[in-house]
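In what follows, a structure is listed as structure tokens, so that the remarks can point back to it.
The values are calculated or read from the model by the stated rules, or taken from the named source; none is laboratory data. No experiment lies behind these values; they were computed from the predicted model shown. Here the Cβ positions follow ideal geometry from the backbone for every residue, glycine too, while neighbour counts run over all protein chains shown. Remember, those area values only see protein heavy atoms, side chains included, never the ligands or the DNA or RNA. Shrake-Rupley method; radii C 1.70, N 1.55, O 1.52, S 1.80 Å.
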Amino acid sequence: FFFVGLSRTMMSQNGNIEPGTQFLEPSSSVPFCLINSDEISGPENILVLYGGIEHHLKLVEIPRVKGPSAPDQTMYDTVSMIPFATISERGFKAHRMGEQIITMRVSEWHTISKQWLCDHIQDEEIKLETDVNGDQLQFDTTREEYTRVVETVKEQMISCGEGSSFVTPRKCSGKIAGFDKNKAMIIFRRLLVNEYGCYWKFLYFDGVEKFFIGASPERHLTVRHGKVEMNPISGTFRKNPQHSVAEEKKALLEFLKDEKEIDELCMVTDEELKMMSKMCKDGGDIIGPLLKEMGALVHTEYLLSGAHTGADIIDLFRHSMFAPTVTGSPMGNACACVYKLEKDTRSYYSSAILVMGREKGTGVEFLDSSITIRTQEILKDGSFSVRVGATLVKDSVAESEVEETECKIRGSIRSLTTNVAPRKAINLGEDQEIQTQLMSRNKRLSRFWLERQDLKHTQDSNLKTKKCVLMNNEDDFAVMLGYLLRSMGLQVSWYEHNDFVKPEIIAECDRADLVVVGPGPGDPTSKTQEKMKIVRDVIDRLHARNQVHLCVCLGHQIKCHVLGFDVCKKNVPTQGVQTEATLFGKPQKLGFYNAFYTKYDAQKAKANAFVDVSTIDEEMIGIQGQNFVSFQFHPESILTQNGFGILKDAVDYLLPTSGTPAKKARLD
């Protein structure tokens, strides 16, 4: 189409030149970005952005525009490709091979019809070159090598308490013959016409050498109209093109009952709730679970939405880097672990494309971003790469995870290899039986998180003068714990574990009414790991001072170890698992994230003057001592159905008031 002339390619139906379509000119090297999104452009339109390109190393360097906007239109200020290595701003590890933030300082924008653009781009065959072996596609890891990666993650990371999930990608590379801007536009057109279920479809050209073309299903972060929104997505159902709708529905129903898939979505939702608990001080809503149908796949997702109180949008974005669906959980340790597995940079995969601007009339800054998955990075010479990953968990089957990566790769490069549309959407999201199966998942999950949190109804006036210090052991579950405790009325301060060697933090800890030793990854029995030494010292001090404290997961394990109980490695880790158990005489559904457990010993329990102990077989899952409560499970997790109530009972036990019962007699 680039050879039919400007007058034809840029003429609208009434004969006028469509404004803003200079990106179609064959000789133009002007940088541009095209976005098709329900929220940014509307489903039937494309937002066209133009401007100069800048390169930055840090988020804070992205230019900002302050001041009023036009009364009747949204102002777009920048659009940026964020490399994955930017996650180092959170103190997390990542390989970097010179990638920088690529920012377009927007000087001009237009909205054009998607149909108009598709009508003016003529499809033509795209060929891939072959290498010396006759292959068009090259993978950085073979099927056998990725199988070993899966087994390594399960055996050396998940089973050793390093985390509950990990995501590490496979990279597919190739070269497009005779690549030019024409072919980039054809690829984008194919995405517009053939792909559905996307959060963004986009084409970003830096004007020099890089094209980014993607059809991403997943929102990263939206900050708009005083709200923060995130979309945890996990669980992948592979559609069968040979199935009838009835057969596909039957298979989908079985998928929706799969405990592995349910646990995966709960784990990533927990991880994004950690972020939302930092960003939204007054709580929010969880909507879902929902189905996200794409051409070859169906995903399950939740929508998390909460109010933010004037926080800077770049700070909010930094807190959200990057989605657990592309990193793992807990995120900091997941990044450290996959850093060891990955020898190459992730480049711009699994990060975000980010638009910032100002609302019409008010001039208030907004931010919208899409995760850069299902995204092709193409150089001007036609060399391209696509990366895809699978969420690796305790019960991952290596063969299935390999197949999932290859299914995602096929979907990601379909626009390179064919103009044939995938099967039409089966549209089962509104099916009553499917909806019933989806919503049944919520019946066993946390009421606190699934219902809007109204602090007026949860706060206890007797606790408003009580001060709590919370120890974060490299897992922001501590932030969720802090949110629940603050919701009860406590004044909560939380610090990283390595802050607890500072005299001023130790002094604050000594003055606190309640100290919470939180969860975290790692081997609680380690004699050499610095974090474990610090946690042990804190618990020793609390014990020696007879100070009121609460321990969760890792804190529970180290507390029990200090008291002389055996801490053992589990044969099968319970990372991201809900279990029904009796806790202090009441039946509960509890969420566990642990690879180690503490072994019950009746004589030691009596010697330590325990008031009550709850066990599953030989594992101690809950302890009431004279001045402490300790839990192996996570009361703050979405997997613990009555987590708020359990935690409130623990606080009432530890900080009794005239309205709470006295402590029970010690355990016989």
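If I ask for residues that are open to solvent by less than 10 Å² (accessible area, probe 1.4 Å) and either closer than 13 Å to residue 389 by Cβ or more than 9 Å from the chain's Cα centre (by Cα) (or both), which ones from the range 319-328 would you list? Spell out how you get there, then give the answer.
Filtering the range 319-328 down to residues open to solvent by less than 10 Å² (accessible area, probe 1.4 Å) leaves 320-324, 326-328.
Matches in the range 319-328: 322, 323, 324, 326, 327, 328.
Sort out which residues of the range 421-436 are touching a residue at least 40 places away in the same chain (Cβ under 8 Å) and at negative phi, and write them in order of number. If you could, list the steps in order and put the result at the bottom.
Applying the first criterion (touching a residue at least 40 places away in the same chain (Cβ under 8 Å)) to the range 421-436 yields 421-423, 425-429, 431, 433-434.
421, 422, 423, 425, 426, 428, 429, 431, 433, 434, listed by residue number.
I want to confirm something. Restricting to the range 484-497 and keeping residues that are of a type in the set (Ser, Thr, Tyr) and open to solvent by 10 Å² or more (accessible area, probe 1.4 Å), which single residue is farthest from residue 332 (Cα to Cα)?
Looking at residues that are of a type in the set (Ser, Thr, Tyr) and open to solvent by 10 Å² or more (accessible area, probe 1.4 Å), I get 493.
Return the residues of the range 234-263 that are assigned to a helix (DSSP H, G or I), among the acidic types (Asp, Glu) and open to solvent by 50 Å² or more (accessible area, probe 1.4 Å); say none if nothing qualifies.
Residues satisfying the conditions are 247, 254, 259.
Hey, any hits in the range 75-93 for a residue that's open to solvent by 20 Å² or more (accessible area, probe 1.4 Å), within 22 Å of residue 24 (Cα to Cα) and of a type in the set (Val, Ile, Thr)?
No, the conditions are met nowhere in the range 75-93.
Would you list the strands (runs of 3 or more DSSP E) that sit entirely within the range 356-413 and hold 1 or more residues that are surrounded by fewer than 17 Cβ atoms within 10 Å (Cβ to Cβ) and in contact (Cβ under 8 Å) with a residue 12 or more places away in the chain?
Values: elements: 365-371, 375-379, 383-392.
Per the criteria, 375-379, 383-392.
Within the range 418-461, restricting attention to residues that are at pLDDT 90 or above and in contact with a Gly (Cβ under 7 Å, 6 or more places away or on another chain), which residue is most open to solvent (accessible area, probe 1.4 Å)?
Among those that are at pLDDT 90 or above and in contact with a Gly (Cβ under 7 Å, 6 or more places away or on another chain), it is 448.
For the range 523-544, what are the residues that are at pLDDT 95 or above and within 27 Å of residue 648 (Cβ to Cβ)?
Answer for the range 523-544, where residues must be at pLDDT 95 or above and within 27 Å of residue 648 (Cβ to Cβ): 524, 535, 538, 539, 541, 542.
Taking the range 625-648 as the region of interest, how many residues are open to solvent by less than 10 Å² (accessible area, probe 1.4 Å) and in a loop (DSSP other than H, G, I, E, B)?
The number of residues fulfilling the criteria is 10.
Scan 508, 530 and give me the residue that is of a type in the set (D, E, K, R) and in contact with a Lys or Arg (Cβ under 9 Å, 6 or more places away or on another chain).
Details: 530 fails: in contact with a Lys or Arg (Cβ under 9 Å, 6 or more places away or on another chain).
Result: 508 is the single residue among 508, 530 that is of a type in the set (D, E, K, R) and in contact with a Lys or Arg (Cβ under 9 Å, 6 or more places away or on another chain).
Answer with yes or no whether residue 348 is open to solvent by less than 20 Å² (accessible area, probe 1.4 Å) and either among the aromatic types (Phe, Trp, Tyr) or without any contact (Cβ under 8 Å) to a residue 24 or more places away in the chain (or both).
Here the answer is yes, as residue 348 does meet what is asked.
Check 605, 595 and return the single one that is in contact with a strand residue (DSSP E or B) (Cβ under 9 Å, 6 or more places away or on another chain), among the hydrophobic types (A, V, I, L, M, F, W, C) and modelled with pLDDT under 95.
Just a single option satisfies the conditions, and that option is 605.
With respect to residue 129, is the statement that it is of a type outside the set (A, V, I, L, M), closer than 19 Å to residue 330 by Cα and either open to solvent by 20 Å² or more (accessible area, probe 1.4 Å) or within 22 Å of the chain's Cα centre (by Cα) (or both) true?
Numbers: of a type outside the set (A, V, I, L, M): yes; closer than 19 Å to residue 330 by Cα: no; either open to solvent by 20 Å² or more (accessible area, probe 1.4 Å) or within 22 Å of the chain's Cα centre (by Cα) (or both): yes.
Judged against the criteria, residue 129 is not a match.
Would you mind stating whether residue 525 is touching a residue at least 40 places away in the same chain (Cβ under 8 Å) and farther than 30 Å from residue 298 by Cα? Walk me through it before giving the result.
Numbers: touching a residue at least 40 places away in the same chain (Cβ under 8 Å): yes; farther than 30 Å from residue 298 by Cα: yes.
When the stated conditions are applied, residue 525 passes them.
Look through the range 653-668, keep the residues that are open to solvent by less than 30 Å² (accessible area, probe 1.4 Å) and in contact with an Asp or Glu (Cβ under 8 Å, 6 or more places away or on another chain), and return whichever of them is modelled with the highest pLDDT.
Per the criteria, the residue is 655.
Of these, 124, 151, 155, which one is out of contact with any helix residue (DSSP H, G or I) (no Cβ under 9 Å at 6 or more places or on another chain) and of a type in the set (D, E, K, R)?
Step by step, each of 124, 151, 155 is checked, and only 155 is out of contact with any helix residue (DSSP H, G or I) (no Cβ under 9 Å at 6 or more places or on another chain) and of a type in the set (D, E, K, R).
The rows are residues; the columns are (1) surrounded by 12 or more Cβ atoms within 10 Å (Cβ to Cβ); (2) under 30 Å from residue 98 (Cα atoms); (3) modelled with pLDDT under 95; (4) of a type in the set (Phe, Trp, Tyr).
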position	(1), (2), (3), (4)
3	no, no, yes, yes
15	no, no, yes, no
57	yes, yes, no, no
69	yes, no, yes, no
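Going by the structure shown, is residue 301 within 29 Å of residue 575 (Cα to Cα), part of a strand (DSSP E or B) and among the acidic types (Asp, Glu)?
yes
Applying the selection to the range 136-149, what residues are under 17 Å from residue 384 (Cα atoms) and open to solvent by less than 70 Å² (accessible area, probe 1.4 Å)? If you could, list the steps in order and put the result at the bottom.
If we filter the range 136-149 for residues that are under 17 Å from residue 384 (Cα atoms), which is where we start, we get 136-141.
Scanning the range 136-149 gives 137, 138, 141.
Starting from the range 36-50, take each residue that is open to solvent by 50 Å² or more (accessible area, probe 1.4 Å) and list its partners that are assigned to a strand (DSSP E or B), counting only C-beta distances under 6 angstrom and pairs at least six apart or across chains.
Partner pairs satisfying both residue conditions: 45/111.
Filter the range 226-258 down to residues that are charged (D, E, K, R) and in contact (Cβ under 8 Å) with a residue 24 or more places away in the chain and give me whichever is nearest to residue 434 (Cα to Cα).
Selected residue: 249.
Confirm whether residue 271 is surrounded by fewer than 16 Cβ atoms within 10 Å (Cβ to Cβ) and part of a helix (DSSP H, G or I).
No: the conditions fail for residue 271.
Mind listing whichever residues of the range 392-427 are over 23 Å from residue 201 (Cα atoms) and not small (Gly, Ala, Ser)?
Of all residues in the range 392-427, those over 23 Å from residue 201 (Cα atoms) come to 392-403.
Selection gives 392, 393, 394, 395, 397, 399, 401, 402, 403.
Quick check: anything in the range 313-329 in contact with a strand residue (DSSP E or B) (Cβ under 7 Å, 6 or more places away or on another chain) and of a type in the set (Asp, Glu)?
No, because not a single residue in the range 313-329 is in contact with a strand residue (DSSP E or B) (Cβ under 7 Å, 6 or more places away or on another chain) and of a type in the set (Asp, Glu).
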